[in-house]
Amino acid sequence: MSSAKRFASLTELKSHRHLPIASPLFGFFSDDKHPAVQRFVVGYQAKYHTMPGAYNARAYDAMIVAAMLMRQYGATREGVHDGLAKIKDIPSGVFGSITFDPATRRVKNPSQIELLVKGDAFTLWDGTPARAA
């Protein structure tokens, strides 16, 4: 059963043809046409012979961040700690470009995608308001 079908079965979504969803769980969507996303998807499929999910993409981005921090600021606890406040515009498949907000210690202005359930699958939402079936 697809993720979208499981999601719809848990709610009253069966009465809606299109339902916009905005959630941190959907920060990664393998059908997103952005080049960085597609490079990751193609590389992941070539190596693991399966479609990557959000956790795979976040782990990939986390390793990119860790590697860049250690290269630029040193592979020490202090280097990584201090580097998080300084490093900017790390290329990312999930968040677009990563820069950390020193005050919140979170990704500053993360990109967010909005999906909708269309039939039994998730698809990118084009902004059209939801309508009842």
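Computed from the Cβ-Cβ distance with R0 of 41 Å, the FRET efficiency linking Ala75 to Asp126 stands at 0.40.
Only loop residues by DSSP count here, and only those with at most 11 other Cβ atoms within 10 Å; note down the trypsin sites (Lys or Arg not before Pro) in the stretch 34-133 that meet that.
For trypsin sites (Lys or Arg not before Pro) across the stretch 34-133 that sit outside H, G, I, E and B with at most 11 neighbouring Cβ atoms in 10 Å, the list reads Lys88, Arg105, Arg131.
Remark: the Cα gyration tensor places the stretch 34-133 in the oblate category, a/c being 1.5 or greater and a/b not exceeding b/c. Dividing the mean sequence gap of close Cα pairs (under 8 Å, 6+ apart) by how many residues the stretch 30-110 holds gives a relative contact order of 20 percent.
For Arg39 and Glu114, the FRET efficiency from 1/(1 + (r/R0)^6), where r spans their Cβ atoms and R0 equals 25 Å, is about 0.65.
Just so you know, all these numbers are worked out from the coordinates, no wet-lab data involved. Remember, it's a predicted structure, so these values are computed and weren't measured experimentally. Neighbour counts are summed over all protein chains in view; Cβ atoms, including those assigned to glycine, are modelled from backbone coordinates with ideal geometry.
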